[in-house]
Amino acid sequence: MKIAVIGNGNIGAGLNDALARAGHDTATYGREYDLAAAIAGAEVVILATPFGAAPELAGQADFAGKLVVDLSNPVTADFSGLQLGHDRSAAEATAAALPGATVVKAFNTIFAGHYASGLSINGTPLQTFVAADDAAAREKVMGLARDIGLTAVDAGPLKNARYLEPLGFMNIQFGYVLGQGADIAPQWQIAA
């Protein structure tokens, strides 16, 4: 699959590398690149950008008809809380900023280092929770997650990102504020 990862920081680069190892045609793009051309040629666009970047990106490229994966957690600059939550998510704000795109929430609870270390802890694959209003788009992103070794969990419609983003924030709290380190990830016991 042809994938454009917008954002070449630790998370964007790590996810890009994991997708490339799984055989996908993927590349990262930062501000210095021609984002319009990168997005035009991609089947899937992954936004590995801070919350709030979508309106600026919308002014640089046409996202109509694109499957867009939002990884952001809308944390405050001082990491003391969330900018949005429970009645509106970052993913829903991204969808509003990119009319015509199909937005999927995923990969927001995984620390960057896990992409290089095999996406598991003590042999147990990490999970990613995938929310989208379009079932086919949700399944496509779940397939990408499975391709790189994650356990993909169907999290229902995009409005459920309102709960996934606080989960991502809590993971950040456990990892950095409460001193657990980044070798953690939320896991949900799924009945077989």
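The values are calculated or read from the model by the stated rules, or taken from the named source; none is laboratory data. Everything numeric in this text was worked out from a predicted model, so none of it was measured. No Cβ is skipped: glycine too gets one built from the backbone with ideal geometry, and neighbour counts run over all protein chains shown.
Rundown of residues vs (1) assigned to a helix (DSSP H, G or I); (2) in contact with a Ser or Thr (Cβ under 9 Å, 6 or more places away or on another chain); (3) farther than 20 Å from T94 by Cα, yes/no style:
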{"position": "L15", "(1), (2), (3)": "yes, yes, no"}
{"position": "A36", "(1), (2), (3)": "yes, no, no"}
{"position": "G52", "(1), (2), (3)": "no, yes, no"}
{"position": "L57", "(1), (2), (3)": "yes, yes, no"}
{"position": "F63", "(1), (2), (3)": "no, no, no"}
Seminar exercise, completed: Expected single match for surrounded by fewer than 14 Cβ atoms within 10 Å (Cβ to Cβ) and within 26 Å of G149 (Cβ to Cβ) among G14, G23 is G23
Exercise. If only one of F79, F51, F107 is among the hydrophobic types (A, V, I, L, M, F, W, C), at pLDDT below 95 and either under 13 Å from the mean Cα position of the chain (by Cα) or within 18 Å of A145 (Cβ to Cβ) (or both), which one is it?
Worked result: F51
For this session: For the range 65-83, enumerate the residues that are hydrophobic (A, V, I, L, M, F, W, C), surrounded by 20 or more Cβ atoms within 10 Å (Cβ to Cβ) and in a loop (DSSP other than H, G, I, E, B).
Result: L71
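Go through F79, F63 for me and flag whichever is among the aromatic types (F, W, Y) and farther than 28 Å from A116 by Cα. Let's see the steps before the verdict.
Working: F79 fails: farther than 28 Å from A116 by Cα.
Just a single option satisfies the conditions, and that option is F63.
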Exercise. Looking only at residues in the range 28-46 that are under 14 Å from N8 (Cα atoms) and surrounded by fewer than 17 Cβ atoms within 10 Å (Cβ to Cβ), which one is modelled with the lowest pLDDT?
Worked result: R31
Exercise. Could you list, in sequence order, the residues of the range 111-148 that are modelled with pLDDT under 95, in a loop (DSSP other than H, G, I, E, B) and surrounded by 14 or more Cβ atoms within 10 Å (Cβ to Cβ)?
Worked result: F111, A112, L119, L126
For this session: State which residue is surrounded by the fewest Cβ atoms within 10 Å (Cβ to Cβ) when the search covers only the range 84-107 and only residues that are hydrophobic (A, V, I, L, M, F, W, C) and in a helix (DSSP H, G or I).
Result: A96
